[in-house]
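Visitor: Here you go, one structure.
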Amino acid sequence: MNFTKFPRRNYLQGPTPIEFLPSLSKALGGAVNLYIKRDDLLPGSGGGNKTRKLEFCIADALDQGADAIITCGAVQSNHARLTAAWSAKEGLDCHLILEERVKGSYKAEASGNNFLFELLDVKSIGVVPGGSDMMAEMGKKADALAKAGKKPYIIPGGASNPIGATGYAVCAEETMAQLNAMRLAIDHIFVPSGSAGTHAGMVVGMIGVNGGIPISGVNVSRPKDVQEEIVYKLALETAARLEVKNTIAREDIVCFDQYVGPGYSLPTDSMVEAVKLFAKTEAILLDPVYSGKAAAGLIDLIRKNHFPKGANVLFLHTGGSPALYAYMDTFRQG
Ligand SMILES: *Cc1c(COP(=O)(O)O)cnc(C)c1O
């Protein structure tokens, strides 16, 4: 794939590591060999997957002469934190619209990512009720800023448009190059599936380089059929942008929705177990909303012998550990 024709900033410092997880593989019975791709270690305050997407989205904003970024997310959004971080670094104003998906969950004095919004000098935070039309809310903010003489640029939730998803096509190509260099035959890749740019971009990149490794997503909010359609649509749009000639089939998009629990960002017992297990066996910090639930899904599938014995499974760690500090009570009870 050729990424050179798109505006792109230079936020990565080379490939993120791929590591074997010997203690965790053993703790799960040793039937599969678990590997992890450490996108939690990406640069940007606190790390995580949005940095790959923002390399392209913020470059596009700068290309268009923007001086202010508007984006949206949940009240503990990692995406909002990383957008604020890279905006600060680029000298752009950052404005956030936060969706209170769980009623009463926004607290101005909250810890975790919320605290970091402040440190990263976000210029304004608007809080809207769950189910609001976030694009319309961001549009209103953009109009107000334009009236005040600014040049705002809107990045959609999770930076999950074809521009942002391009960052994860880059990740798939990077992963394949690493696996080839390591002579490591991975049988299956698992990713968290939220606003869908990570999942869609990975599938497009993997098919684009003819890597042939199946990729599954673990949902963090939506039912399987709904999420698969969202991922598929974004994958087709991203493939068109990247001029990928290989076909993306509907069957290439697979999601698991049994690990969402009561809803987006709401803790589950299996998430708590997964976060604790990764921490105590491998000293890797997951997050309560995305990687924790995705890991809970992967752990459950391993225990249910979903994978053939001896399979090599790669987990994409998308980051998010700053959100842990907003959930301390959950882990201390668990
Ligand atoms: C946003 C996010 C995800 C989900 O990625 P999408 O591209 O939105 O599907 C996963 N993990 C973390 C930590 C995130 O912040």
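Each reported figure results from applying straightforward, stated rules to the coordinates on display, with no laboratory input. Keep in mind that what you see is a predicted model, and the values were worked out from it rather than measured. Cβ placement follows ideal geometry from the backbone for every residue including glycine, while neighbour counts extend to all protein chains displayed.
Visitor: What would the Debye formula give as log10 I(q)/I(0) at q = 0.11, 0.14 Å⁻¹ for the alpha-carbon point model of region 50-159, no solvent?
Guide: -0.30, -0.48
Visitor: Would you look at the GNM of the chain, springs on alpha carbons closer than 10 Å, and say which of Asn180, Asn219, Asn246 moves the most?
Guide: The residue with the greatest mean-square fluctuation here is Asn180.
Visitor: Using only alpha-carbon positions, what ratio does the radius of gyration of region 90-245 give when scaled by 2.2 N^0.38 Å? Each step should come with its number before you reach the end.
Guide: Values: Rg = 18.4 Å, N = 156, 2.2 N^0.38 = 15.0 Å.
This ratio for region 90-245 stands at 1.23.
Visitor: Moving to a separate point now. Treat region 175-334 as a sphere of radius equal to its Kirkwood radius over Cα pairs and apply Stokes-Einstein at 20 °C in a medium of 1.002 mPa s; give the translational diffusion coefficient in µm²/s, rounded to a whole number. Present the calculation step by step, with values, prior to reporting the outcome.
Guide: Numbers: Rh = 16.3 Å.
Roughly 131 µm²/s, to the nearest whole number.
Visitor: Just name one of Leu179, Ile207, Ile189: the one whose Cα is farthest towards the positive end of the charge dipole of region 109-222 (beta-carbon charges, Lys/Arg +1, Asp/Glu -1).
Guide: Ile207
Visitor: Please state the equivalent ellipsoid semi-axes for region 163-223: what are the square roots of 5 times the Cα gyration tensor eigenvalues, largest first, in whole Å?
Guide: Values: eigenvalues 85, 35, 13 Å².
Output for region 163-223: semi-axes of 21, 13, 8 Å.
Visitor: Another question, then. Out of the trypsin sites (Lys or Arg not before Pro) in region 65-104, which ones are loop residues according to DSSP with at most 10 other C-beta atoms within 10 Å? Let's see the in-between values first.
Guide: On the way: sites: Arg81, Lys89, Arg101, Lys103; in loops: Arg101, Lys103.
Passing both the DSSP loop test and the Cβ count: Lys103.
Visitor: Starting from the Cα-Cα distance between Ala144 and Phe20, subtract it from 0.36 nm times their residue separation and give me the gain in nm to one decimal.
Guide: Numbers: separation 124, 0.36 × 124 = 44.64 nm, distance 4.98 nm.
Computed gain between Ala144 and Phe20 is 39.7 nm.
Visitor: Divide by every residue of the chain the summed helix terms, -39500 (n - 2.57) for each DSSP H run of at least 4, and state the resulting mean residue ellipticity at 222 nm, rounded to the nearest 500 deg cm²/dmol. Numbers along the way, then the final one.
Guide: Details: 11 runs with 138 residues, N = 334.
Value at 222 nm, helices only, nearest 500: -13000 deg cm²/dmol.
Visitor: Roughly how many debye, to the nearest 20, is the charge dipole of region 50-159 about its Cα centre, given +1 on each Lys and Arg Cβ, -1 on each Asp and Glu Cβ, and no other charges? It would help to have the intermediate numbers written out before the result.
Guide: Numbers: 14 positive and 14 negative charges, 28 e Å.
In total the dipole reaches around 140 debye.
Visitor: What FRET efficiency comes out for the pair Arg241/Asp67, r = Cβ-Cβ distance, R0 = 25 Å, nearest 0.05?
Guide: On the way: r = 25 Å, r/R0 = 1.02.
Calculated value: 0.45.
Visitor: Considering only Val122, Pro43, Tyr168, whose Cα is most displaced toward the positive end of the charge dipole of the chain, charges sitting on Cβ of Lys, Arg (+1) and Asp, Glu (-1)?
Guide: Pro43
Visitor: Return the Rg/Rh value of the chain, two decimal places, where both radii are evaluated on C-alpha atoms and Rh is the Kirkwood radius. Please list the in-between numbers first.
Guide: Details: Rg = 19.0 Å, Rh = 19.9 Å.
That ratio equals 0.95.
Visitor: To the nearest 20 debye, what charge dipole does the chain have about its Cα centre, counting +1 at the Cβ of each Lys and Arg and -1 at the Cβ of each Asp and Glu?
Guide: Details: 34 positive and 34 negative charges, 49 e Å.
Rounded to the nearest 20 debye, it is 240 debye.
Visitor: Another one. Which pairs in the list Lys89/Lys293; Lys37/Lys309; Lys26/Lys293; Lys123/Lys147; Lys103/Lys280 are over 23 Å apart, alpha-carbon to alpha-carbon?
Guide: On the way: Lys89/Lys293 31 Å; Lys37/Lys309 21 Å; Lys26/Lys293 20 Å; Lys123/Lys147 16 Å; Lys103/Lys280 33 Å.
Over 23 Å apart, Cα to Cα: Lys89/Lys293; Lys103/Lys280.
Visitor: Rg and Dmax of region 265-334, Cα atoms, in Å?
Guide: Cα-based Rg and Dmax for region 265-334 come out at 12.3, 38 Å.
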